[in-house]
Amino acid sequence: MLARRLLPLAALLGALGVVYASVPTTPIGSGGSKFLSLLPSTGQTAQVMRAGAKLTIVDLQQRVMSVGGSREALQEVMASVAQGQIPAYDPRLGISKEEFSKYLVFQTVPVPTGKTVKFAVTRDAYRVAFSDAPVNGLLRGLSFDLKTGELRVPEGFIVKPVVVSASTAPDRSIDLRGGLQWNLRGYNAEAQNGINGQLSLFQVGDNQVLFIYKRVSSLIHGTFNNTSSEIMLKYTR
């Protein structure tokens with residue numbers, strides 16, 4: 001049976017191609033300072049996450065009820081999904097097998113790896129700066145202006161954030177309460193520096209923060225690195 005793949009937050013972490021690219025955003029305003037307070041503190045412990053998949057069903061119940069399909073068959077399908085299984089098509093649902101497959105959706109969700117790390121940051125009333133980074137050194141050299149929300153990257157660019165709206169979709173893959181996002185795309189011909197990536201800071205349920213950074217490519221002083229690097233961390237603030 002085929003199941004379509006949906007990246008509802010445009011994909012954890014261009015889908016992740018770059019991270020959460022289609023989340024509703026607006027220019028930073030008064031709400032920006034609230035989310036900047038979610039940045040990690042010195043020695044903050046975080047869980048290392050990875051992008052996983054979760055099977056869910058979208059609008060199937062309404063469709064089956066509208067055509068007078070079997071409630072028992074629908075309950076069996078829902079039970080299979082709740083157990084993480086791909087449900088079998090049942091003609092008692094009252095819809096075709098082809099239509100049934102359209103309601104099966106794989107959502108991208110953050111999954112714990114079982115590893116924990118500590119942030120190496122300096123923080124004062126004006127700025128949070130990363131002197132080193134867990135896992136792969138990817139965050140080293142990043143710094144955030146706590147007044148403007150601007151992010152400075154080692155390639156020399158300064159990027160303004162946009163505010164991410166809370167997710168209200170019934171099939172959302174995470175309990176997104178809002179956040180900030182920095183789209184890192186720039187090139188300086190004189191310095192021969194460039195970057196393509198995205199950093200996202202999301203407030204999620206249970207006072208948790210999801211910190212995601214993906215750099216697709218980077219150019220520093222004419223040296224090009226097109227190796228995709230990504231880090232996804234979750235911590236409490």
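The values are calculated or read from the model by the stated rules, or taken from the named source; none is laboratory data. Remember, predicted model here, so these are calculated numbers, not experimental data. Note that each Cβ is placed from the backbone with ideal geometry, even for glycine, and that neighbours are counted across all protein chains shown. Areas reflect the complete protein model, heavy atoms only, side chains present, ligands, DNA and RNA absent. Shrake-Rupley method; radii C 1.70, N 1.55, O 1.52, S 1.80 Å.
Observations on the structure shown:
- Residues satisfying the criterion are absent from the range 59-71 (criterion: within 30 Å of Lys147 (Cα to Cα) and either crowded, with 19+ Cβ neighbours inside 10 Å or acidic (Asp, Glu) (or both)).
- The residue of the range 80-132 that is farthest from the chain's Cα centre (by Cα), among those that are closer than 30 Å to Arg152 by Cα and small (Gly, Ala, Ser), is Ala125.
- Considering each residue of the range 22-40 in turn, at least one proves to be assigned to a loop (DSSP other than H, G, I, E, B), open to solvent by less than 20 Å² (accessible area, probe 1.4 Å) and at pLDDT below 70.
- For the range 41-60, residues that are modelled with pLDDT of 85 or more and not acidic (Asp, Glu) total 11.
- Selection from the range 78-110 of residues that are among the β-branched types (Val, Ile, Thr) and open to solvent by 40 Å² or more (accessible area, probe 1.4 Å): Ile86
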